[in-house]
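Structure first, then comments.
Read-outs throughout are calculated quantities, based only on the coordinates presented, and are distinct from any laboratory measurement. Not measured: the values here are computed from a predicted model. All Cβ positions, glycine included, derive from the backbone under ideal geometry; neighbour counts span all protein chains shown.
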Amino acid sequence: MKHLLKMLDLSQDEILDILNLADQLKYELKHGIPHPHLKGKSLGMIFQKASTRTRVSFETGMYQLGGYPLFLSANDLQIGRGEPVQDTARVLSRYIDGIMIRTFDQKEVESLAEYGDVPIINGLTDFSHPCQVLADLMTIREFKGSFDGLKMCYIGDGNNMANSLIVGGLKVGMSVSAATPAGYRPANEVMEFASGYDCFEITDDPKKAAEKADVILTDVWASMGQESEAEERRKAFAGYQINDEIMALANPEALVMHCLPAHREEEITSKVFEEHAKEIFEEAENRLHAQKAVMVKLMA
Ligand code: CP
Ligand code: NVA
């Protein structure tokens, strides 16, 4: 594994290796055992969109690994004034040991990987959010013990989270159901991948998707960059909400997860959110451990 660009690129073994290392790093951190695997290395973090979790967990994670994180806001880089990503990649490769990028177009991330010669980590694009989904899988395994026999259900927009969860869930051996309005299905590439699995179901009926689910996930109705569509999306997604009615159809011990930030009373009710705050905030914490594992695998 040279880069982390999207879940589709990872094999089941690579995913499990990352999760195992993440568990170990979490244990070491909690027990005060130092793990300076990236001593003397630096990570550039390019942000073209806002972030709380991704920025802080990568920055702190790099520090805990003995390395140096550089926050690079696209507004301050020449990229913001039109310098091509291909040139930025070749320049940054001369100074630093890895690049994390959060941007719009997946092609930009793929292009960095093609032109640069340091590992590239996708910190979210419109197409995918692999770091989040690795943390999500880590959290599911932590709460449930294993992925065996589990059903994952995603309700909402067929966006970057849906694209990555469907692929990640199927790759680790869960059954996956997704409920999205017909006009907001996951990306074609993902639908094609998933169509190879009998244990995948896509529907526009959230209730059907939630039946006997062990984990239910959702995400915002309007992602970063879609602010102007918010009103139209509010109408399209009415009914695609995790609430008591949906939870009554899931298995009694079902987990509820959300990548955050959450819009209460839109994709999830406040009540369900608070009842499942335990796993939702463990999920947020696990971004740190999962990404440290990714950085060690790619950069050590
Ligand atoms: N879930 C997530 O990626 O959060 P941020 O946008 O705060 O980084
Ligand atoms: N789908 C959301 C995820 C945020 C972490 C977005 O892209 O804005």
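If you place +1 on the Cβ of every Lys and Arg and -1 on the Cβ of every Asp and Glu, how big does the dipole about the Cα centre of the chain come out, in debye to the nearest 20?
Working: 31 positive and 46 negative charges, 177 e Å.
Dipole magnitude for the chain comes out near 860 debye.
Among residues other than Ser164 whose Cβ falls under 12 Å from its Cβ, what is the net charge (Lys/Arg +1, Asp/Glu -1)?
Values: positive: Lys6, Lys171; negative: Asp9, Asp126, Asp136, Glu189, Asp219.
Within the 12 Å Cβ shell, the charges total -3.
A straight Cα-to-Cα reach below 15 Å connects Lys49 with the aspartates and glutamates Asp76, Asp105, Glu108, Asp126, Glu227, residues fewer than 8 places away in its own chain not being considered. The HN-Hα couplings worked out from phi for segment 218-229 by the Karplus form 6.51 cos²θ - 1.76 cosθ + 1.60 (θ = phi - 60°) are 8, 7, 4, 6, 10, 7, 4, x, 10, 3, 6, 8 Hz, whole numbers, x standing for Gly and Pro.
Can you tell me how segment 173-300 classifies by the Cα gyration tensor, rounded, prolate or oblate, using a/c under 1.5 as the rounded cut? It comes out rounded by the Cα gyration axes.
Taking 24 Å as the straight-line reach from the Cα of Lys151, the lysines in range (excluding those fewer than 8 positions away in the same chain) are Lys6, Lys171, Lys207, Lys208, Lys212, Lys271, Lys278.
Only lysines eight or more places from Lys39 in sequence, or on another chain, were considered; those with a Cα closer than 24 Å are Lys2, Lys26, Lys30, Lys292, Lys297.
Using a Gaussian network for the chain with springs between C-alpha atoms less than 10 Å apart, which of these wobbles most: Ile242, Ile18, Ile79? Sorting by GNM fluctuation, first place goes to Ile79.
By the equivalent-ellipsoid construction on the alpha carbon gyration tensor, the chain comes out with semi-axes of 31, 22, 17 Å, ordered largest to smallest.
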